[in-house]
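Asks: After the C-alpha cells below, expect a handful of questions from me.
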Ligand SMILES: Cc1cc2nc3c(=O)[nH]c(=O)nc-3n(C[C@H](O)[C@H](O)[C@H](O)COP(=O)(O)O)c2cc1C
C-alpha cells in the first residue's frame, strides 16, 4: 500500500469525502422530537447519575503547568467528569471527535500522528482517534490506519504514548466501511460486503482508488458466516487496540453510512434473514458487535457512535427515532463507557443551520454517558451541557484547526479557520501546522 499515496492519493480530496461542504436552510421532518429536559448548570450530577465535581471549576490546567481562570459562560465545558464509572477521570467535557486524516502510509500510522494528536491532548482530555480499519476487507479509504498487522500496532504505540504522556485518555475508533469501498481496495479485487447489494449511487460520493477517483460499485450481501467473522474481527481489533497498541478504550463506528449503519438503516438493508426487515433485526448486527467487543475488552472501555439522521453515503432510515430509540434502549444493558451521537444538523455532505430533529429522545432513553457531536463551538457546547442535552461534547473541525482549543475557549480568543482542502490531503500542511494562539499573535505583531 505504500505506493498508493504517491500513485493515487489526490492532493486535494473533495471535502465532502467524509465531512461536510456547505450549510443549507433547515428542512422539516414530521414527528420531530420535543426539547430535552433542562438539567443542572452547576455540574454536580449528570443524567447518568455519575458523580462529578461538587463545585464549578474556577481554574483549568491546560498542560505544561499553565492554569487559566474559567469564565462562567464556558464553565460547563470545564467541569470534570467521571467516565466509565470512575476508570477515567476527565478534567473537562470537550472531546476530540474522530477525524479521518488519511496521513497513514498504506495502513501504517506514522510518527507525524504522534505530533498531531499530542498537539491536541490536555491533561484529563478525551481524544477519539480517526476511524481505524479492523480488517483488510473493511478498508474503504487509502492511507487510513489498521489494527490487524503487527506493523500497524507498532505504528500506533508511539502515537498512543504521546497522547498519554500529556495525560489525556485515548480511545480508538473501530471502522469497517462495508460497501463504501471498491474492488480495487479489496483483497483479491472482490466486491466489498454490505447488508445488501445496493450500491452508493449519489454522484457526490466517489471512492479514491490507486488509479484515481471512481464511482462506487455494487457490494454483495454478507453471508451469515461472513457476518460472524466480521463480529470476531471487531473483537480482535479491540483487543489489539487496547492490549497491544495501548489505547484506553475503543469506539465502535456505527455511524455515517459505514458497515454497521448499512445494517441499521433500511435504505440500504433489504435482507430477509434475521439481520434485516424489522428494527430488531436491523439492529442485531450492531448489538452483536457491541457484545463481542465488550466481552473482549470490558464494557468500561467501549463506546459506540451512531448517527440516526445522517444521510451520508446514501444511508437513510425511514423511522430514525423508532430505530435508534430501540438501539439505544438495548445499549443500556451493556454498561458501556458511552454512547456518542451525531446531531441531526449534520447530514451528509451538508450541514444545516438548525434542524427540527433532536437527539433528545435518545438522551432521555440512554442511562449512561452521552456524547453529542456536530456543529458545536464554545457557546452552544456550554449551553448543551448546561441544558442537560449531553454529558460531553465532541468537537471535530474547530478542534482540528485549533490544537489549543481549550485555551481559546477559556480566553474567548478567535479560532483559526479550518481548511477543507487539507482535511484529507497528503503531507503535513493542514495537519501539523495549524498555529497556536501565541503563534497567531506573534505573526500579527510582525
Ligand atoms: C475531516 C473529517 C474527517 C472525519 N472523519 C470521521 C471519522 O473518521 N469517524 C467519524 O465517526 N466521523 C468522522 N467525521 C465526522 C466528525 O467526527 C464530526 O462528527 C463532524 O465533523 C461534525 O462535527 P463538527 O461540526 O464539530 O466538525 C469526520 C469529519 C471531518 C470533517
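Asks: I'd like the full set of residues that are in a loop (DSSP other than H, G, I, E, B) and within 16 Å of the ligand (Cβ to nearest atom), limited to region 171-204.
Replies: Scanning region 171-204 gives 176, 177, 178, 180, 181, 204.
Asks: Which one of the conditions (1) surrounded by 24 or more Cβ atoms within 10 Å (Cβ to Cβ); (2) in contact (Cβ under 8 Å) with a residue 60 or more places away in the chain; (3) more than 15 Å from the ligand (Cβ to nearest atom) does residue 363 fail to meet, given that it meets all the rest?
Replies: It fails just one condition, (1).
Asks: Would a scan of region 215-238 turn up a residue that is within 16 Å of the ligand (Cβ to nearest atom), under 22 Å from residue 326 (Cβ atoms) and surrounded by 24 or more Cβ atoms within 10 Å (Cβ to Cβ)?
Replies: yes
Asks: Say whether the condition of being within 16 Å of the ligand (Cβ to nearest atom), within 23 Å of residue 378 (Cβ to Cβ) and out of contact with any strand residue (DSSP E or B) (no Cβ under 8 Å at 6 or more places or on another chain) is met by at least one residue in region 104-116.
Replies: yes
Asks: Check region 153-172 and report whether any residue there is within 16 Å of residue 101 (Cα to Cα) and over 20 Å from the mean Cα position of the chain (by Cα).
Replies: yes
Asks: One residue is enough: does region 186-198 have a residue meeting the conditions within 20 Å of the chain's Cα centre (by Cα) and either surrounded by fewer than 16 Cβ atoms within 10 Å (Cβ to Cβ) or closer than 30 Å to residue 121 by Cα (or both)?
Replies: no
Asks: Checking residue 375 against (1) at positive phi; (2) surrounded by fewer than 21 Cβ atoms within 10 Å (Cβ to Cβ); (3) within 12 Å of the ligand (Cβ to nearest atom), which test does it fail?
Replies: Checking residue 375 against (1) at positive phi; (2) surrounded by fewer than 21 Cβ atoms within 10 Å (Cβ to Cβ); (3) within 12 Å of the ligand (Cβ to nearest atom), the one that fails is (2).
Asks: Is it fair to say residue 82 is at pLDDT 95 or above and either in contact with a helix residue (DSSP H, G or I) (Cβ under 7 Å, 6 or more places away or on another chain) or buried (at least 16 other Cβ atoms within 10 Å of the Cβ) (or both)?
Replies: yes
Asks: Looking for something over 24 Å from residue 357 (Cβ atoms), within 20 Å of the chain's Cα centre (by Cα) and away from the ligand (no atom under 16 Å from the Cβ) - is there at least one such residue anywhere in region 258-279?
Replies: no
Asks: Could I ask something else about it? Any residue at all in region 407-414 that's within 16 Å of the ligand (Cβ to nearest atom), under 21 Å from the mean Cα position of the chain (by Cα) and touching a residue at least 40 places away in the same chain (Cβ under 8 Å)?
Replies: No, every residue in region 407-414 fails to be within 16 Å of the ligand (Cβ to nearest atom), under 21 Å from the mean Cα position of the chain (by Cα) and touching a residue at least 40 places away in the same chain (Cβ under 8 Å).
Asks: Mind counting the residues in region 61-90 that are touching a strand residue (DSSP E or B) at 6+ places or on another chain (Cβ under 7 Å) and touching a residue at least 40 places away in the same chain (Cβ under 8 Å)?
Replies: 12
Asks: Hey, another quick one. Does region 257-272 hold any residues that are in contact (Cβ under 8 Å) with a residue 12 or more places away in the chain and either surrounded by fewer than 24 Cβ atoms within 10 Å (Cβ to Cβ) or farther than 28 Å from residue 151 by Cα (or both), and which are they?
Replies: Passing the criteria: 257, 261, 262, 263, 264, 265, 266, 267, 268, 269, 270, 271.
Asks: A follow-up question, please. Within the set of pairs 6 or more residues apart or between chains, which connect a residue that is more than 18 Å from residue 412 (Cβ to Cβ) inside region 426-446 to a residue that is assigned to a helix (DSSP H, G or I) and modelled with pLDDT of 95 or more with Cβ atoms less than 6 Å apart?
Replies: 429/422; 430/422; 431/116; 432/115; 432/116; 434/401
Asks: Quick one: in region 415-444, of everything that is within 14 Å of the ligand (Cβ to nearest atom) and under 26 Å from residue 61 (Cα atoms), which residue is surrounded by the most Cβ atoms within 10 Å (Cβ to Cβ)?
Replies: In this case the residue turns out to be 434.
Asks: Is it the case that some residue within region 221-243 is in a strand (DSSP E or B), within 19 Å of residue 169 (Cβ to Cβ) and touching a strand residue (DSSP E or B) at 6+ places or on another chain (Cβ under 6 Å)?
Replies: No, that holds for no residue.
Asks: When you go through 396, 368 one by one, which is the residue that is within 12 Å of the ligand (Cβ to nearest atom) and crowded, with 19+ Cβ neighbours inside 10 Å?
Replies: 396
Asks: List the number of the failed condition for residue 356; all other conditions in (1) modelled with pLDDT of 95 or more; (2) more than 14 Å from the ligand (Cβ to nearest atom) hold.
Replies: So residue 356 meets the others, but not (1).
The values are calculated or read from the model by the stated rules, or taken from the named source; none is laboratory data. Quantities reported herein were computed from a predicted structural model and do not represent experimental measurements. No Cβ is skipped: glycine too gets one built from the backbone with ideal geometry, and neighbour counts run over all protein chains shown.
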